[in-house]
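The values are calculated or read from the model by the stated rules, or taken from the named source; none is laboratory data. Everything numeric in this text was worked out from a predicted model, so none of it was measured. Every residue, glycine as well, gets a Cβ built from its backbone with ideal geometry; the counts of neighbours run over all protein chains shown.
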Amino acid sequence: MVNSLITNIDVNKKIYQYLLKFYLFSFDARYKFRSSDSNLYWQDKNDDIIFNINRKSVTDSLNVVNYIYKNLKGHEICFDVGACIGAISVPLWKMVRNKGRVYSFEADKRNIKKIKDNLRLNGMPTKYVYAQAVSLKNALMFLSIIRNQNGWQSLGDPKLDIDIDKNDVTKKRVRTITIDNFCKKNKINIIDLLKIDVEGAELDVFYGSKKMVGGGNIKKIIFEISPKMLLWHGRDAQSTISFFKNKNYKLYEILANGDTKLLKNNIWNNQKHGDILAVLN
């Protein structure tokens with residue numbers, strides 16, 4: 001109702017945005033948000049709806065979304081590790097549809113309903129959504145959750161960050177799995193695209209996929225480099241990238257428009273935030 005009520009009135013854009021935010025808070029409502037690529041996502045009072053409207057997206061990984069649209073052919077088997085509310089899973093499903101499959105893994109169970117609702121909103125299946133963290137072993141571990149920062153959930157230690165108040169961090173026990181064990185159990189022989197966004201714990205996911213990587217069973221891997229989050233694990237970009245040393249992969253930076261640029265000598269500025277693509281030779 002709020003969509004038709006407000007958009008039919010010639011009001012200033014900022015007034016519209018704040019009226020919308022007020023509506024969500026006052027009535028504990030949800031809003032169907034349409035991103036720039038025409039996908040739909042539910043937004044509620046806990047989402048930064050004004051920021052998302054201005055950038056026309058629910059994710060800051062638009063470069064990854066653009067890469068997906070430019071490069072997927074429509075039959076791939078994809079893994080979305082650190083799926084959050086589905087901002088990458090939805091574009092992946094949009095491309096593979098019935099010929100491929102997208103397995104979505106999310107450690108914070110509060111996001112499972114959100115990702116499933118967003119998939120349903122776009123007419124996509126929900127049976128391949130898993131409420132599990134992906135790491136280097138099958139175990140019970142502690143997930144750090146930061147108040148008012150959905151998407152920053154981490155198996156690392158945010159208290160090492162001087163900008164974060166320790167009182168805003170809570171810990172929840174979560175069950176972790178490995179890529180290798182999941183694929184063995186589910187008889188998955190090839191992963192065409194493995195996307196990883198786990199707030200600095202990317203290296204642990206790599207270690208848990210050694211057999212698949214070593215056997216040449218993962219064709220492409222997209223992983224985030226976040227200097228801030230890497231510090232929570234006592235790591236930096238180069239220590240993460242070093243996993244691919246002597247492995248049969250070429251590394252690229254994913255640019256804003258979805259194109260890629262070869263990483264010369266596999267060197268990345270440790271202070272730079274971005275996304276890297278590893279492609280099996």
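Which numbered condition trips up Lys127, out of (1) closer than 15 Å to Val174 by Cβ; (2) not in a strand (DSSP E or B)?
(1)
Please find, within segment 227-238, the residue that is surrounded by the most Cβ atoms within 10 Å (Cβ to Cβ) out of those that are of a type outside the set (A, V, I, L, M) and either at pLDDT 95 or above or more than 18 Å from Gly82 (Cα to Cα) (or both).
Kept after step one, since they are of a type outside the set (A, V, I, L, M), are these residues of segment 227-238: 227-228, 232-236, 238.
Imposing the further condition that a residue be either at pLDDT 95 or above or more than 18 Å from Gly82 (Cα to Cα) (or both) reduces the set to 234-236, 238.
Details: Gly234: 11, Arg235: 20, Asp236: 17, Gln238: 14.
Taking the candidates together, the pick is Arg235.
Condition check ((1) assigned to a helix (DSSP H, G or I); (2) modelled with pLDDT of 95 or more; (3) farther than 21 Å from Gly208 by Cβ) across all residues:
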site: Tyr69; (1), (2), (3): yes, yes, yes
site: Asp80; (1), (2), (3): no, yes, no
site: Leu92; (1), (2), (3): yes, yes, no
site: Lys137; (1), (2), (3): no, yes, no
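Tell me the residue from Asp157, Asp163, Asp192, Asp117 that is in the same structural domain as Phe243 (by TED's automatic domain parsing) and touching a Lys or Arg at 6+ places or on another chain (Cβ under 7 Å), please.
None of the others qualify; the one that does is Asp192.
Give the residue, chosen from Asp197, Asp204, that is within 26 Å of Lys32 (Cα to Cα) and in contact (Cβ under 8 Å) with a residue 60 or more places away in the chain.
After applying the criteria, what remains is Asp197.
Do you know which residues across segment 49-65 are within 14 Å of the chain's Cα centre (by Cα) and part of a helix (DSSP H, G or I)?
Those that are within 14 Å of the chain's Cα centre (by Cα) and part of a helix (DSSP H, G or I): Leu62, Asn63, Val64, Val65.
Do we find that Ile179 is farther than 20 Å from Asn63 by Cα, in contact with a Gly (Cβ under 7 Å, 6 or more places away or on another chain), assigned by TED's automatic domain parsing to the domain that holds Met95 and surrounded by 22 or more Cβ atoms within 10 Å (Cβ to Cβ) in this structure?
Values: farther than 20 Å from Asn63 by Cα: yes; in contact with a Gly (Cβ under 7 Å, 6 or more places away or on another chain): yes; assigned by TED's automatic domain parsing to the domain that holds Met95: yes; surrounded by 22 or more Cβ atoms within 10 Å (Cβ to Cβ): yes.
So Ile179 passes the test.
Taking the conditions exactly as written (of a type in the set (D, E, K, R) and buried (at least 23 other Cβ atoms within 10 Å of the Cβ)), does Lys245 satisfy them or not?
The answer is no for Lys245.
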